[in-house]
Amino acid sequence: MTTISENGISASYFETDHERVLEFSRDGRTAAVAQNIEGYGMLKVRDTPDSPEIERYYGFDMALDHAAELLGVKPSDLPIPDPADDMGM
């Protein structure tokens with residue numbers, strides 16, 4: 001797991017047997033962006049890493065926009081750990 005914090009937001013990147021997951025948290029709110037372990041396919045946005053998906057996106061930027069909205073911040077405020085830089089199609 002890789003975790004960084006900036007702008008009052010914590011971002012953690014980790015991998016499960018099936019997914020690559022980028023989880024954000026801020027002031028008790030969370031948002032997660034997940035992609036299949038192979039690193040391709042649509043990104044799923046969820047409230048938490050284990051919750052049902054809210055929406056799917058092809059692009060990392062669009063998924064980050066939605067995650068930022070869930071946290072009440074600007075997308076540019078979200079810190080991105082290096083291993084997650086290549087998420088999206």
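Readers should treat all values here as calculations from the given coordinates under stated rules, not as data from a laboratory. Keep in mind that what you see is a predicted model, and the values were worked out from it rather than measured. Positions of Cβ are generated from backbone atoms using ideal geometry, with glycine treated the same way; all protein chains shown enter the neighbour counts.
The residues listed here are Ser12, Ser76; of these, the one that is small (Gly, Ala, Ser) and under 11 Å from the mean Cα position of the chain (by Cα) is Ser12. Out of all the residues in the range 1-19, which are farther than 16 Å from Pro83 by Cα and hydrophobic (A, V, I, L, M, F, W, C)? Result: Ile9, single match.
Note on the range 20-32: among residues that are more than 12 Å from the chain's Cα centre (by Cα) and among the charged types (D, E, K, R), the one that is farthest from Met87 (Cα to Cα) is Asp27.
Within the range 11-50, restricting attention to residues that are small (Gly, Ala, Ser) and without any contact (Cβ under 8 Å) to a residue 60 or more places away in the chain, which residue is nearest to Asp77 (Cα to Cα)?
Taking the range 11-50 and keeping what is small (Gly, Ala, Ser), we get 11-12, 25, 28, 31-32, 34, 39, 41.
Remaining after also requiring without any contact (Cβ under 8 Å) to a residue 60 or more places away in the chain: 25, 28, 31-32, 34, 39, 41.
Details: Ser25: 12, Gly28: 17, Ala31: 14, Ala32: 15, Ala34: 19, Gly39: 24, Gly41: 25 Å.
Going through the qualifying residues, I end up with Ser25.
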